[in-house]
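I have placed the structure first, in the form of structure tokens, so that the comments after it can refer back to it.
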Amino acid sequence: MPRLTIAIDGPAGSGKSSVARRIAAMLEYLYLDSGAMYRALALKALRKAVPLDDESRLVALAKETHIELKPPTLEQEAAGAKNRVFLDGEDVTSEIRTAEVAQAASRLATIAKVREVLVAEQQRAGAGGGVVMEGRDIGTVVLPKAELKIFLDASPEVRAERRWKEHQEKGEKMTLAEVFDEVIERDRRDRERKVSPLVRATDAVLVDNTAMAIEETARLIVMLAREHEKKLAEVAGGQP
Ligand code: CDP
Ligand code: CDP
């Protein structure tokens, strides 16, 4: 079977990472979380106290930074571990998941030249096909030729509650109202920015998983992927 390129975009907490990871496992594709790259760079900027509106320093930082996304080992996966994120060789997997880092990520993600650096890396990673990549601009900018594009959405209340539960589990003391405000503010910044805003690609399938579980959502998208794989195989087979 041909191996597709699958792009999943959507707002914060819509289920992109969980669903994309599950789809990649079901199809035996590579999974790439582009948001983790913005978060890792944001963490570095915060640590170095680089102002989040200092474009030239942030661009220089992006160019000199090495971000690696690694799947967990089988042992780590069995223990519930997800993809690991390395910033200049240091494992920052859990450190990048705070609300502060998320906000900083969405601020530096408004800078066109910072995006250029990260987009080039994402395009290199996605070049061979057999990949599920998720973010905000994957179907519109990073992989515009993806054979299957999904715009994953859920109601703002449900998205905030999902994120709040994650914070609770980690022992962070944010209230549901605070998480709701963080998610809404970030969505607004992501949708309204001039460069590569969060928008549904015209050829993306809208999947609202407000009332759907991760497994159910992943199965639906895998069904669509199998149809596309079959169509591509037929086209390839029909050629002389
Ligand atoms: O990547 P994104 O911010 O879009 O969302 P996520 O990190 O995949 O999901 C946020 C939280 O919602 C996670 O804890 C998921 O387990 C949960 N979730 C859910 O309960 N039901 C879904 N259909 C999707 C995600
Ligand atoms: O998991 P969640 O959906 O909350 O966020 P994320 O996917 O980890 O992304 C963090 C931030 O990075 C987003 O709010 C965006 O501002 C930015 N981002 C982006 O601009 N483009 C992408 N392809 C991915 C993330």
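Identify, please: which residue in segment 166-197 is hydrophobic (A, V, I, L, M, F, W, C) and out of contact with any Gly (no Cβ under 8 Å at 6 or more places or on another chain) and is, among those, surrounded by the most Cβ atoms within 10 Å (Cβ to Cβ)?
So the residue we want is VAL179.
Filter segment 147-165 down to the residues that are away from ligand 2 (no atom under 12 Å from the Cβ) and within 15 Å of the chain's Cα centre (by Cα), then identify the one that is surrounded by the fewest Cβ atoms within 10 Å (Cβ to Cβ).
In this case the residue turns out to be PHE151.
So which residues in segment 22-31 are surrounded by fewer than 23 Cβ atoms within 10 Å (Cβ to Cβ), touching a helix residue (DSSP H, G or I) at 6+ places or on another chain (Cβ under 8 Å) and among the aliphatic types (A, V, I, L, M)?
Residues satisfying the conditions are MET26, LEU27, LEU30.
Filter segment 41-56 down to residues that are assigned to a helix (DSSP H, G or I), without any contact (Cβ under 8 Å) to a residue 60 or more places away in the chain and either of a type in the set (A, V, I, L, M) or in contact with a helix residue (DSSP H, G or I) (Cβ under 9 Å, 6 or more places away or on another chain) (or both), then give me how many there are.
4
Sort out which residues of segment 201-216 are in a loop (DSSP other than H, G, I, E, B) and either more than 10 Å from ligand 1 (Cβ to nearest atom) or of a type in the set (D, E, K, R) (or both), and write them in order of number.
ALA201, THR202, ASP203, ALA204
Which number in (1) touching a residue at least 40 places away in the same chain (Cβ under 8 Å); (2) in a loop (DSSP other than H, G, I, E, B); (3) among the hydrophobic types (A, V, I, L, M, F, W, C) marks the one condition that ALA81 misses?
(1)
Here, each number is a calculation from the coordinates, and none is a lab measurement. Quantities reported herein were computed from a predicted structural model and do not represent experimental measurements. As a convention, Cβ positions derive from the backbone with ideal geometry for all residues, glycine included, and neighbour counts pool all protein chains shown.
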